[in-house]
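One structure, as structure tokens, below. Some questions next.
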Amino acid sequence: MALNLIFLGPPGAGKGTQADRFAAARGIPKISTGDILRDAVAAGTDVGLKAKAVMESGALVGDDIMIAIVRERLDRSDVRRGFILDGFPRTVAQATALEGIMLGRSPLIVIDIQVPEAELVRRLTNRLICVNCGANAPEGVTADSSGAVDARCQRCGGKFVQRVDDGDAVVRERLKVYQQKTRPLVEFYSARPTFCAIDGAQPPTRVAELIASAVDAVSGEVGVAGGGVR
Ligand code: AMP
């Protein structure tokens, strides 16, 4: 049985950071649809050309494109022992399609990372990422009033910049889109025994512990491999 997870939660909840940590700890791939789209934009593919303006406005890319991307990705052999989906599903249509993709596989474990809205806005508008590899800047690294940052990426030496969709107005739009389109997924999944609500307002290391113990508890209950394995 594989460890198949989705990380739900609003933008800025820490899904990407926590999914990276968990994926590394358990040796399973993290699949971030936001990263896949940003790579497509950078490479100038057809999908990238379609997605660019939509992403910059804070809206969602179409369900058909996103479902096709995830269907193809979950067909690859590296997900045999499990995977973490970060940023998918984001609509009820995507969640319904995922049900079909999951037929015959181990049950989904759903991690819902919850953070109050004021904290999300603070985190997103202060967030800096590496222009080359997309890594988050370490805590405490900030931009001055001109946007200059006095630090380089610890992974690749790249410059830190604000993400194009992390400006004030776009952040508000992304949070509104989350409430309208993605929040209903909490209802979609919450009755399942594999649904776990996590307090994401805690420091990152504490959130990682909460996620690890919640996954171990539910995977033990439903008989999924990986329970207790660090
Ligand atoms: P993220 O990095 O997850 O915040 O995603 C960045 C942007 O990519 C989002 O604001 C959307 O425009 C787009 N995106 C990522 N995942 C999805 C998805 N599952 N459905 C629709 N749009 C998505």
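The values are calculated or read from the model by the stated rules, or taken from the named source; none is laboratory data. Bear in mind the structure is a predicted one, so any value in this text is a computation, not a measurement. All Cβ positions, glycine included, derive from the backbone under ideal geometry; neighbour counts span all protein chains shown. Note: areas computed on protein heavy atoms with side chains; ligands, DNA, RNA excluded. Shrake-Rupley method; radii C 1.70, N 1.55, O 1.52, S 1.80 Å.
Give the residue that is nearest to the ligand (Cβ to nearest atom), with candidates limited to residues of the stretch 25-49 that are basic (Lys, Arg) and assigned to a helix (DSSP H, G or I). Working first, answer last.
So in the stretch 25-49, the residues basic (Lys, Arg) come out as 26, 30, 38.
Still in the running and assigned to a helix (DSSP H, G or I): 26, 38.
Working: ARG26: 21, ARG38: 7 Å.
Only one residue tops the list, namely ARG38.
Of (1) within 16 Å of the ligand (Cβ to nearest atom); (2) of a type in the set (Ser, Thr, Tyr); (3) free of Cβ contacts under 8 Å to residues at least 40 places away in the same chain, THR125 satisfies all except one. Which?
The number of the failed condition is (3).
Between THR142, THR125, THR182, THR194, which is among the β-branched types (Val, Ile, Thr) and farther than 30 Å from ALA51 by Cβ?
Working: THR142 fails: farther than 30 Å from ALA51 by Cβ; THR125 fails: farther than 30 Å from ALA51 by Cβ; THR182 fails: farther than 30 Å from ALA51 by Cβ.
Checking each option against the conditions leaves just THR194.
Condition test on ASP63, is it at pLDDT 95 or above, near the ligand (Cβ under 9 Å from one of its atoms) and open to solvent by less than 20 Å² (accessible area, probe 1.4 Å)? Don't jump to the end; show me each part of the working.
Working: at pLDDT 95 or above: yes; near the ligand (Cβ under 9 Å from one of its atoms): yes; open to solvent by less than 20 Å² (accessible area, probe 1.4 Å): no.
Taking the combined requirement at face value, the residue does not satisfy it.
Further question: Condition check: among the charged types (D, E, K, R) and open to solvent by less than 20 Å² (accessible area, probe 1.4 Å). Does ASP86 satisfy that? Outline the logic, then answer.
Working: among the charged types (D, E, K, R): yes; open to solvent by less than 20 Å² (accessible area, probe 1.4 Å): yes.
When the stated conditions are applied, ASP86 passes them.
As an exercise: evaluate LYS52 against (1) within 8 Å of the ligand (Cβ to nearest atom); (2) buried (at least 17 other Cβ atoms within 10 Å of the Cβ); (3) charged (D, E, K, R) and give the number of the one condition it does not meet.
It is condition (1) that LYS52 fails.
Which pairs have Cβ atoms under 8 Å, sit 6 or more apart or on different chains, and link a residue in the stretch 156-179 that is closer than 13 Å to ARG127 by Cα to one that is open to solvent by 70 Å² or more (accessible area, probe 1.4 Å) and more than 13 Å from the ligand (Cβ to nearest atom)?
From the stretch 156-179, the pairs are PHE160/VAL131; PHE160/ARG152; VAL161/VAL131.
May I ask you to list pairs of residues, at least six apart or on different chains, whose Cβ atoms are under 7 Å apart, with the first in the stretch 66-91 being on the phi < 0 side of the Ramachandran plot and outside any helix (DSSP H, G or I) and the second being within 7 Å of the ligand (Cβ to nearest atom) and open to solvent by less than 20 Å² (accessible area, probe 1.4 Å)?
Matching pairs, first to second residue: ASP86/SER32; PHE88/THR33; PHE88/MET66; PHE88/GLN94.
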